[in-house]
Structures are given as C-alpha cells and as structure tokens.
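Nothing in this text is a laboratory measurement; each read-out follows from the coordinates by a stated rule. The structure displayed is predicted, hence computed values, not measured ones. Quick reminder, even Gly has a Cβ in these numbers, built from the backbone with ideal geometry, and neighbours come from all protein chains shown.
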Amino acid sequence: MTRIDKNPSGSRTGNAVEVRGLVKQYGGPQGTRALDGVDLDVREGTVLGVLGPNGAGKTTLVRILSTLVQPDAGTAVVAGYDVLRQPRQLRRTIGLTGQYASVDEKLSGWENLYMIGRLLDLSRRDARLRSDELLERFSLTDAAKKPAMQYSGGMRRRLDLAASMIGRPSVLYLDEPTTGLDPRTRNEVWDEVQRMVAEGATVLLTTQYMEEAEQLASELTVIDRGRVIASGGVNELKAKVGGRTLQIRPSDPAQLPAMARAIAETGLDGVSGTQAVPDEGLLYVPILSDEQLTAVVGLLGERGFGIAHIGTHLPSLDEVFLAITGQKTSVSDIAPEEIAV
Amino acid sequence: MSTTTLPTSAPGRTPAPSPVRAGEGRIGLRANLRHIGALVRRNALQIKQDPESMFDVLLMPVIFTLLFVYVFGGSVGASLGGSRDAYVNYVIPGLMAMMGMNIAMAVGTGMNDDFRKGVMDRFRTMPIARSSVLIAKIVVEIGRMLVATAILLGMGFLLGLEIKTSVLELAGAVGLSLAFGASLMWIFILLGLTMKTAQAVQGVAMLVLMPLQFGSSIFAPPSTMPGWLQTFTDYNPLSNLADAARGLINGGPVAHSVWVTLAWAAGITVVTAPLAVAKFRKKS
C-alpha cells in the first residue's frame, strides 16, 4: 500500500495549517463578512473538525486555504507555504474534496483519475497504475469505464476522494464530505478518511454534523458568522455541552417516576438533570461517560426495572451552539439534526 | 457574542513560511505541454462521450453550402459573369472564413457551461498553469474547425469547386482561416468567462456576428453595396480573410489580404488571450 509522504519542507511548528486573523468580505465594504478574524491550527497528522451551520464561513475558509479565493486580511500557511505568496508550491501539497463533486461528469472514473495523475506530472505508466489502485481501493473498479454522470451520489463522492488522493497530498481539505449522503455511504466515506489519517495525512474537515466531527476529528473548532466561538479537543467540548443523552423506555410507563428517582439517588455527576416525560413514555438521562452509562443501566437492572428500549443521543449542532453561546444558531432555517447513535 | 476558546492553539505565535525562492514552483515547458496534452485528451473524450456535440461541425458546412449555392448561386453567379459554378468558387472560400467565426462562438457558450462545473475548481487547485486549461480547449476546437473545413471543401468539390492554384496554396487558405478562427476563440472565451449565462453569451455573439458576416465580402462582392457599407466591408477582417482564401484558391493577388488577416489574428490574440487567462485566474 502506498504511504502518504509528509512534506519535508513542512512547518517547523508542528502545525500543517496555521491561520491567523483571516478576514474575507464579499460585496464591498458594506457587504457580508464571511470570515471575521479566524485563527486556527491543524497539527500535522491530525484531523481538525470545523463545525458550524450553513453560512458560518466554512466553505470560504476552505477556498482560501486551497488558493481559490484570496483573503482580505490575515495570514494562512499550509505545509509551510503562504497562501498568498506561494500558491504554486502550496497546490502541490493539498487535496480538496468539496461538497459538490469536482470530477468531470462526462469522463469515466478511470479517465478522471488518469487525467489528474498526468496533470500532477506522473508518467503515463504511473498514472495508469495509480488510477487502477485507487479505483480498487474505493471499490469503483466495476464502474471504472462508466462515465461519472452515471454514478450514484456516494460513488461520485468516493471518486472525488480518490481524485484528491492521487498526488498523495500531505494536507487534505474535506468540505462537508458527507452532506446529502445516505448513512451507509456516509460510513464508507468515514472509513476512507480514517484510513488516510492512519497513513499520515493531515485533514481539515468542515461539517454541520456533531456526529461526523466526533467520529473523525480529534480537535474541533466551532465557527459561527465568520468567527471562532469555541475550540478544543472533542472531549473537552463535549464536556462543555453536556455530552450524550441516554433515552430509556420502560416496559411499564407507570414506573417512569420511580426510575427517575432511583437514578437521581445515585448522586452521579450530571444525571441530576434526569427528566421523565410521561407523554412520550421516555426517560432522558444526561451522561458524561461510558462508565456513567453502564452504571445507570446496571442500576436499573439491579432494581428490577423492565426496559423496553434504550438509546443514546448526541447533542445536535443547535444544542452545541445553545450550550456555548446561550443562543440559537445564527441561521435559523437549519433543521435540528437528530443524530441517533 | 461570547468567545470561549479552550487553550489548544497558541495565540500570537506567527507562522513561519519557508523563504520564497525565485522561480520555485514555476511550471516548465515540458510539464506545461504534458498538462495541455492531458486536458486535450479530456476535451476529446467529452466529444466521444457526447457525439451530438459534433453535429454543428458536421452539418453546418453542408447546410450553408447547399443554401448559399442554390439560393444565391444563380443570380450572384450571373453578376460575376458566370453561372452557379462561378459562385461556388466565390462562396466556398468565404464560407471558410465564416465557419471559423461560428465555431469560435460555440466555444464561448460551451466555456460558460464548463466553468460552472466543480472540475474547474479542481484544476484551479492543482499545480498547473491556468492558461493550459484554455489552450487545451482551443487546440480541440481547432481540430473541430479542421473537420468542418474538410467537410466544406468536400461539399464544394461535389458542387464543382475548382482549385485553380495548388494544393499548397489551398493548405495555406485552410491554415489562415484556422489561425484567424483561433484568435476569435480568445474573444469568445473572454466573453464566456465574463457573462453570467451561456444564453447571454449566445445573444451578444449573434448581435456581433450577423453584421460582421453579412457586411463582408463573404457572400457577395461589395462592389454593388453603398459607399458607407463598402468602407465597413473594407475594414472588416472577415472580408480580408475571405479575400485571402479566395485568392489562394482561385489565384490572383493575395499578399495584402494575407498580411492584414495575420495582423488581425495576432493583434486579437495578443490583446484578448492575456485578458482571458487573467479572468480565468480570478474567477472564483
């Protein structure tokens, strides 16, 4: 298997991406500020999740970091190269997979990859081998000769990822890589991303989904209206917003109050927020760790309560925002995402 | 809004970009040619995938030749002191000039569509000269023009076209119209990159195209036109190209019209090609 080459001229600070005070304004001085002084770092070999609602500035950030858009102020250095002063060198080290697949629809999957290989200065033979290899890896060998326009959404996204991988980039930008994909395809994309990281790539991932960020990223930056409103490790941030919620449906709805009391009596951190909702026949228990979850479930078993259904629920992006800022997301029209685990 | 930043990033530490060396990251000629080659292949494969996109090139020369020869051939031929056959030798070189213009226009509309696609973003994030995307397009379109010209000449021979000079001069006429057509493509690429929709490009192009094509020596000798129109046709580069092609096929003085046409082609390219590349670079 091929290895992702670390850029030898990479940054000496251990950060593959360093962004300071980045500003981008659209539509003149009175226009909207897509980015309003963003600072962030992505350490080499890690995944940074950039979490934010539609219109938060995520895509603008990615477009600046991939030299498609020029910032109005601030600096951005990727793999040691400045986006404004060294765009050509920078382009050699990055791969970009956008929300909209950037492959040629009229070309077959194989021809798309071969073309990109040649554009990246691979020899004919190497471009051929690399295309075959990546199609195999992304389970697209059977569709290799078909034009990309006949691909399903998930296949297209996989082809797009494969296309980004041809040059073995040391830094990969994934701009909402699973938006609009069904859960199965989403898992396939996640697996691939995890594999790339295991091989040493640095990834900047933008997403609207808390679950995606938790699956893939080790660090998170939450942005809203072009500003960073929180950043830190996934666990730190989770602790901040209260972690998961355990949902329990008792076999006998009449036992709801007794169960709630039993849990509250344990005195565990966090579970004091337990709520019984008789209308739904559900008990909601905030939990901070797997140990707490085990303890709660174990307790209910010991006390002989019958449980019909059990599940956990991650906070939605809306809830994260509420916890951090005390207000709803700036873009009110995004649907609250129910993410079942 | 409250900003809660957990201490992971080190604020204030300035990033240290590697020193810029002159010429570093420049793309050499060989690499450039390889990139253009890969992109030409892309455009050619698109045609293979979508053969209907060749209909214009295949049918335009057939339809134009039939229409002009049979509608105007009799009367214009008579005024040229001959018959319909005389008109064939007059109009076919003229149609060579017109074909280039029509194909160039299609480049503009196609470009506009192409540039909305995500794949252009990918090209722009790759270490290739941005001009190579445009040059590849032009190479393929010159190929399409060559096909159209071959069909036009084939139709001409069927209808009685006579080469009164040599094959070499015929080739010169074809080459000249391709060179001029290629220079026009830069104008239409620039239009395609500037205007918002393909329909807008088409609309503007038609408005420019009609007077240029008909206000020229392509279809009829300007000698019977009113003075002001003759002045216009004299300065119309399409007239020069048509006259040059006519001279190269039928014999007669060609030097002036050939040089004027080449000057136009060079002038148009020098002005519009850099503008088009700059526009492509900035488009986001």
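Taking a point 7 Å out from the Cα of residue B:26 in the direction of its Cβ, the residues of region B:111-134 whose backbone N falls within less than 19 Å of it are B:127-132. Using just its DSSP H runs of length 4 or more, each adding -39500 (n - 2.57), chain B gives a mean residue ellipticity at 222 nm of -25000 deg cm²/dmol after division by all residues.
Taking Lys and Arg as +1 and Asp and Glu as -1, the other residues whose beta-carbon sits under 15 Å from that of residue A:36 total +3. Against chain A, whose longest principal axis comes from its Cα atoms, helix A:183-198 is set at around 60 degrees.
Give a quick list of GluC sites (Glu not before Pro) in region A:252-312 that DSSP marks as loop, anything other than H, G, I, E or B, with at most 12 other Cβ atoms within 10 Å.
A:280
For the listed residue pairs A:145/B:196; A:145/B:137; A:24/A:238; A:24/B:283, the alpha carbons are over 27 angstrom apart in A:145/B:196; A:24/A:238.
Residue exposure proxy: B:144, A:43, A:118, ordered by other Cβ atoms within 10 angstrom of their Cβ from fewest to most, comes out as A:43, B:144, A:118. Taking the Cα centre of chain A as reference, the dipole from Cβ charges on Lys and Arg (+1) and Asp and Glu (-1) amounts to some 1440 debye.
Peptide B:121-133 is shielded by partner chain Cβ atoms: per residue, an average of 6 of them sit within 10 Å of its Cβ.
Relative contact order (percent) for chain B, with alpha-carbon contacts under 8 angstrom and 6 or more residues of separation? Once divided by the residue count of chain B, the mean separation gives 25 percent.
Quickly estimate the mean residue ellipticity at 222 nm for chain A, helices only: each DSSP H run with n ≥ 4 gives -39500 (n - 2.57), and the total goes over all residues, rounded to 500.
Values: 11 runs with 114 residues, N = 341.
That comes out to -10000 deg cm²/dmol.
Taking each residue as 0.36 nm, the span from residue B:48 to residue B:231 lengthens on full extension beyond its C-alpha to C-alpha distance by 61.4 nm. Annotation: lysines with alpha-carbon distance below 30 angstrom to residue B:164 (same-chain offsets under eight excluded): none found. Against chain A, whose longest principal axis is taken from its Cα atoms, helix A:256-265 shows a tilt of about 80°.
Within chain B, helices built from complete DSSP H runs that reach 15 Å or longer along their own axis (Cα positions) and carry a mean Kyte-Doolittle hydropathy of 0.0 or higher are B:55-71, B:84-114, B:131-158, B:167-194, B:198-214, B:237-250, B:255-282. Considering only beta bridges that DSSP places wholly inside the protein assembly as shown, some 65 percent are antiparallel. Placing +1 on the Cβ of every Lys and Arg and -1 on the Cβ of every Asp and Glu, with no other charges, gives region B:30-282 a dipole of roughly 1240 debye about its Cα centre.
Between region B:209-284 and region A:247-296, how far is it from one alpha carbon centroid to the other, in angstrom? Centre-to-centre distance over Cα atoms comes out at 84 Å.
Structural descriptor for region A:15-239: relative contact order 30 percent, calculated from alpha carbon pairs under 8 angstrom and at least 6 residues apart. Projected label points at residue A:277 and residue A:26, each 7 Å from Cα along the beta carbon direction, are separated by 3.6 nanometres. Rounded to the nearest 10 degrees, the angle from helix A:109-119 to the longest Cα principal axis of chain A is 50 degrees.
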